[in-house]
Amino acid sequence: MSQLPNCGIYRTSRAIDDIPAEKLVYFHNHGDPGPGLYLPQKWVNNQAQFHERGSTLKDELLADSLEPLMPEGLYRVDHTFYCCKNNCVHFHANQLVQLGYNDKAIPLLFFPFWENSELQFPTTGTRVDPENLQNLVLLTIPNRTPSDAPMLH
């Protein structure tokens, strides 16, 4: 048996059981009753939210056909690039973008903007050729929990 990939988001490069090729999935490599694939249920803030119940792999060797994807989240554009070979949309160095995927695991970049002193994200993104994602650098942004909230004196 081959080593299972890490838990995370992937693109199916071929059909796996009842999940067709070219689908966005979350792969969970451990658990009861075993490793499995979870399909997106909905998108919240341009990030996929996956079903609680997945499909257990009937053949763990099929996990080798999963193509790993860059994590969804906020990125800085490291090098200027265009979305695709048609040069439709230009991404500038040091620009802030949000990376997400559609249900076919096609990468989408979202341009945030300021509105009423708040950073907003549109619900429509720009398709980007996967090879252009090498121009992005993931930003580390902590999740805020109630215990992290500032205390008023």
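The values are calculated or read from the model by the stated rules, or taken from the named source; none is laboratory data. Treat the numbers as computed from the prediction; the structure is a model and nothing was measured. Here Cβ is always computed from backbone atoms with ideal geometry, including for glycine, and neighbour counts include all displayed protein chains. Just the protein is used for accessible areas: all its heavy atoms, side chains included, with ligands, DNA and RNA removed. Shrake-Rupley method; radii C 1.70, N 1.55, O 1.52, S 1.80 Å.
Would you be able to say whether some residue in the stretch 91-99 is open to solvent by less than 10 Å² (accessible area, probe 1.4 Å) and under 17 Å from the mean Cα position of the chain (by Cα)? Yes: the stretch 91-99 contains one or more residues that are open to solvent by less than 10 Å² (accessible area, probe 1.4 Å) and under 17 Å from the mean Cα position of the chain (by Cα). Answer yes or no: is there a residue in the stretch 42-60 that is out of contact with any helix residue (DSSP H, G or I) (no Cβ under 9 Å at 6 or more places or on another chain), within 21 Å of LEU138 (Cα to Cα) and free of Cβ contacts under 8 Å to residues at least 24 places away in the same chain. Yes. Take VAL77 and tell me if it is in contact with a Cys (Cβ under 9 Å, 6 or more places away or on another chain) and either aliphatic (A, V, I, L, M) or more than 24 Å from ARG14 (Cβ to Cβ) (or both). It is false that VAL77 is in contact with a Cys (Cβ under 9 Å, 6 or more places away or on another chain) and either aliphatic (A, V, I, L, M) or more than 24 Å from ARG14 (Cβ to Cβ) (or both).
For the stretch 33-48, state whether one or more residues are modelled with pLDDT under 95, farther than 20 Å from VAL128 by Cα, within 20 Å of the chain's Cα centre (by Cα) and open to solvent by 90 Å² or more (accessible area, probe 1.4 Å). No: zero hits. Under the condition of being in contact (Cβ under 8 Å) with a residue 40 or more places away in the chain and open to solvent by less than 50 Å² (accessible area, probe 1.4 Å), the residues counted in the stretch 107-128 number 5. Looking only at the stretch 56-90, filter to residues that are at pLDDT 95 or above and charged (D, E, K, R); which one of those is least open to solvent (accessible area, probe 1.4 Å)? That would be GLU72.
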